[in-house]
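Below you'll find the structure I mean.
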């Protein structure tokens, strides 16, 4: 047994060592906190895009969603039209709904803003798109609900995800989509969690670290873009994506079903006395060959189909007026870069599907040119 005197004499040394280790830990923690705080301060000034990462029940890209009492974005449009009013019903999925941007920045409302100075008649545009929509559910929604608003024009923005959904739903009976998100029955705890989440998303450093970690993982090949052959959701099937387990003919079959659904949509709109005008929402990695437009390192060498050209060909075969949205995005990007001397990503950060305000503007202007040129919306000059 150790003598009592020796045990007592060793205690002060052990205590000093523990205190010294604690001081080192606290010092290192303080240094880390100072570095993180400094990084957050810098990002607050130089990287505003990292504060647009809040997506919840009420916000998209940190912008208020702003659903009205009828369940769609923007002000309520009464079914009865004003005298001489030209009315446009805009349909689509999240690319029309405006994921990541404010309601007034989505292309339907920018379309109305572009047209109003160019036509002597009042113009209204309804953004009745909803996230995850397929052509079949949109047609049913139009037939059962929006046709009663007697639009002059039905403007549809299709997407690669709709091609995938057409294939997945090819044997399903379409059901009436729900526009309402339902009453807000959140508990007090849920509200507190929402408030905490929103406060957290005011910080830019977490979003910076998360998104750039994902960038690195995509470029290292740890993350990939492989499609689930059983549920091929997303934009890549429309590109003819090649991978093991996915039949080579599946993309072609999906486009065939999409064309069938688009033809049925065309006929339904015509039966209600409206004009259908369509466009295809391009993916960012199709806009250019720049690595900045392919942040997620999508291996484009796997593609066998140009979805923009395929969509334009289908529209020509079906006799549907159409807009080349890819060309419109490219042109406005060049104009902005030359005129305003600033970069124009045209898409929300780290997202190859959803446009930013400038991207939505490109679509609005392209739709406006098409409608005015076709005389569907009369211009103030009568041309």
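The values are calculated or read from the model by the stated rules, or taken from the named source; none is laboratory data. Remember, it's a predicted structure, so these values are computed and weren't measured experimentally. No Cβ is skipped: glycine too gets one built from the backbone with ideal geometry, and neighbour counts run over all protein chains shown.
Select from segment 41-58 the residues that are exposed (fewer than 15 other Cβ atoms within 10 Å of the Cβ) and in contact with a helix residue (DSSP H, G or I) (Cβ under 7 Å, 6 or more places away or on another chain) and write down the one among them that is modelled with the lowest pLDDT.
Filtering first and then ranking leaves 47.
Sticking with this structure for a sec: Suppose we filter 246, 276 for residues that are outside any helix (DSSP H, G or I) and buried (at least 22 other Cβ atoms within 10 Å of the Cβ); which single one remains?
Result of the check over 246, 276: 276.
State yes or no: is residue 286 closer than 30 Å to residue 227 by Cβ, out of contact with any strand residue (DSSP E or B) (no Cβ under 6 Å at 6 or more places or on another chain) and surrounded by 18 or more Cβ atoms within 10 Å (Cβ to Cβ)?
yes
Rundown of residues vs (1) in a helix (DSSP H, G or I); (2) in contact with a strand residue (DSSP E or B) (Cβ under 8 Å, 6 or more places away or on another chain), yes/no style:
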{"residue": "316", "(1), (2)": "yes, yes"}
{"residue": "331", "(1), (2)": "yes, no"}
{"residue": "334", "(1), (2)": "yes, no"}
{"residue": "337", "(1), (2)": "yes, no"}
{"residue": "342", "(1), (2)": "no, no"}
{"residue": "345", "(1), (2)": "no, no"}
{"residue": "350", "(1), (2)": "no, no"}
{"residue": "358", "(1), (2)": "yes, no"}
{"residue": "361", "(1), (2)": "yes, no"}
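Let me ask something else about it. Applying the selection to segment 204-221, what residues are surrounded by 13 or more Cβ atoms within 10 Å (Cβ to Cβ), over 20 Å from the mean Cα position of the chain (by Cα) and either under 17 Å from residue 38 (Cβ atoms) or without any contact (Cβ under 8 Å) to a residue 12 or more places away in the chain (or both)?
Hits for segment 204-221 are 204, 205, 206, 209, 217.
Say whether the condition of being part of a loop (DSSP other than H, G, I, E, B) and in contact with a strand residue (DSSP E or B) (Cβ under 7 Å, 6 or more places away or on another chain) is met by at least one residue in segment 130-140.
yes
In the set 92, 61, 74, which member is under 21 Å from residue 141 (Cβ atoms), at pLDDT below 95 and within 19 Å of the chain's Cα centre (by Cα)?
One residue alone meets the criteria, 74.
Does segment 353-383 hold any residues that are more than 27 Å from residue 87 (Cα to Cα) and either out of contact with any helix residue (DSSP H, G or I) (no Cβ under 7 Å at 6 or more places or on another chain) or surrounded by fewer than 19 Cβ atoms within 10 Å (Cβ to Cβ) (or both), and which are they?
Within segment 353-383, none qualify.
OK, next. When you check residue 79 against the structure, is it closer than 23 Å to residue 359 by Cβ, surrounded by fewer than 16 Cβ atoms within 10 Å (Cβ to Cβ) and either under 21 Å from the mean Cα position of the chain (by Cα) or modelled with pLDDT of 90 or more (or both), yes or no?
no
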